[in-house]
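Report on one structure; see the data block that follows.
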Amino acid sequence: MKTALITGGGQRIGAQIAKTLHAQNYNIIIHYRSSKQPAQVLAEQLNQIRGNSASIVQAELSAIGELETLANSIKTLDVLVNNASVFYPTPLQETSENDWHKIIDSNLMAPFFLSKLLSAKLAKNQGCIVNIADIHGQRPLKNYAIYNISKAGVLMMTQTLAKELAPDVRVCGVAPGSILWPENGAKLSEPQKNKMLGKIPLGKQGSEQDIADCVLFLSNSAYITGQIINVDGGRTLNQ
C-alpha cells in the first residue's frame, strides 16, 4: 500500500488529486493550513470507502519549523504532491514586500524545503514528487508578477530536483491552464472569462480531474523524471 501526501489537499484541485490517488489504493495524507473542516470531511469520506486510509495534518508551509514538524510526522511516503499555492493579483506599482514573501514563501520556498525534508523517505520507496506549477510560469499573466515568478521557480525547481534526487526519487510537474475560475480577490468578470476561453483551442476549461489524472500518470510512470506536462487545452499555443 503506497502513501501520498497532498499539500492543500482538502479543497479544489488538491481534493480531486486525493480522491483519484485514493481510488488507486493509495493511503492519503491531506495537508491543510486553515481549512480544517473540508480536509476533515474529505478524510472521513475516504475512510468510509477504505478504513484508516486517510488522515489530515495542519501546517503553515511558509514556516520552516512547521515544515520540519510535518516531515517528521510522516513515517513512510511514496508520493509528495506539492499542490498548495497562493494566487492573487500584485500589480507592479502596488506590490509590497509582504506580498513578495507571502507568495514566494508559500509557492516556491515551501515545496523546495518540503521536498528536501522528505527526500530520504521518498528515496527508500523509490518515490516521486509531483509539483503543481502553472502555464503562467512560462508565459506571464499581467498584474500577477510575483505569482508568475513563483511558478517559474517551480518549473526550474522541478528540473533541478530531478537531477539532485536521481536515481532514487523522480520529480515531475503539472502546469495547469484554466481549470477553475479564481476566487476572492482574483475573481474575473464574465467578459474576462469569455476572453480567456477564446484563447483556448479546445474551447473550454479543464477540470480538476484532468489535473488529477496527470498527477496519477506521473506518479506511476517509473521512467519519467524532470518533465512538466501542460494541461491547458492548448492555451500555450496561442500565447
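How do the helices (runs of 4 or more DSSP H) wholly within the stretch 1-117 filter down when requiring 1 or more residues that are polar (S, T, N, Q) and free of Cβ contacts under 8 Å to residues at least 12 places away in the same chain: which remain?
The qualifying helices (runs of 4 or more DSSP H) are 36-49, 64-72, 97-104.
Please specify each residue of the stretch 184-206 satisfying the condition of being part of a loop (DSSP other than H, G, I, E, B) and either touching a residue at least 40 places away in the same chain (Cβ under 8 Å) or over 24 Å from Ile17 (Cβ atoms) (or both).
Across the stretch 184-206, the qualifying residues are Ser189, Gly198, Lys199, Pro201, Gly203.
Give me the residue from the stretch 77-127 that is under 14 Å from the mean Cα position of the chain (by Cα) and among the aromatic types (Phe, Trp, Tyr) and, out of that set, farthest from Leu5 (Cα to Cα).
For the stretch 77-127, the residue satisfying everything is Phe87.
Can you confirm whether the stretch 218-237 contains a residue that is more than 16 Å from the chain's Cα centre (by Cα), surrounded by fewer than 12 Cβ atoms within 10 Å (Cβ to Cβ), not in a loop (DSSP other than H, G, I, E, B) and not aromatic (Phe, Trp, Tyr)?
Checked against the condition, which is being more than 16 Å from the chain's Cα centre (by Cα), surrounded by fewer than 12 Cβ atoms within 10 Å (Cβ to Cβ), not in a loop (DSSP other than H, G, I, E, B) and not aromatic (Phe, Trp, Tyr), the stretch 218-237 yields at least one hit.
Could you count how many residues in the stretch 95-106 are in contact with a strand residue (DSSP E or B) (Cβ under 9 Å, 6 or more places away or on another chain) and not hydrophobic (A, V, I, L, M, F, W, C)?
2
Of the numbered conditions (1) within 28 Å of Ile104 (Cα to Cα); (2) in contact with a strand residue (DSSP E or B) (Cβ under 8 Å, 6 or more places away or on another chain), Ser35 fails exactly one; give the number of that condition.
Unmet for Ser35, out of (1) within 28 Å of Ile104 (Cα to Cα); (2) in contact with a strand residue (DSSP E or B) (Cβ under 8 Å, 6 or more places away or on another chain): (2).
Select from the stretch 200-211 the residues that are under 9 Å from Arg235 (Cα atoms) and buried (at least 16 other Cβ atoms within 10 Å of the Cβ) and list them in ascending order.
Of everything in the stretch 200-211, just one residue is under 9 Å from Arg235 (Cα atoms) and buried (at least 16 other Cβ atoms within 10 Å of the Cβ), namely Ile200.
Of the numbered conditions (1) exposed (fewer than 13 other Cβ atoms within 10 Å of the Cβ); (2) in contact with a Gly (Cβ under 9 Å, 6 or more places away or on another chain), Gln192 satisfies every one except a single condition; which is it?
(2)
Inside the stretch 129-173, can you point out the residues that are touching a Lys or Arg at 6+ places or on another chain (Cβ under 6 Å) and within 14 Å of Asn83 (Cα to Cα)?
Passing the criteria: Ala133, Asp134.
Can you tell me how many residues within the stretch 118-156 are in a helix (DSSP H, G or I), surrounded by fewer than 21 Cβ atoms within 10 Å (Cβ to Cβ) and either without any contact (Cβ under 8 Å) to a residue 24 or more places away in the chain or among the aromatic types (Phe, Trp, Tyr) (or both)?
4
We did not get these values from a lab; they are worked out from the coordinates using the rules stated. Small disclaimer: the values here were computed from a predicted structure and weren't measured. Note that each Cβ is placed from the backbone with ideal geometry, even for glycine, and that neighbours are counted across all protein chains shown.
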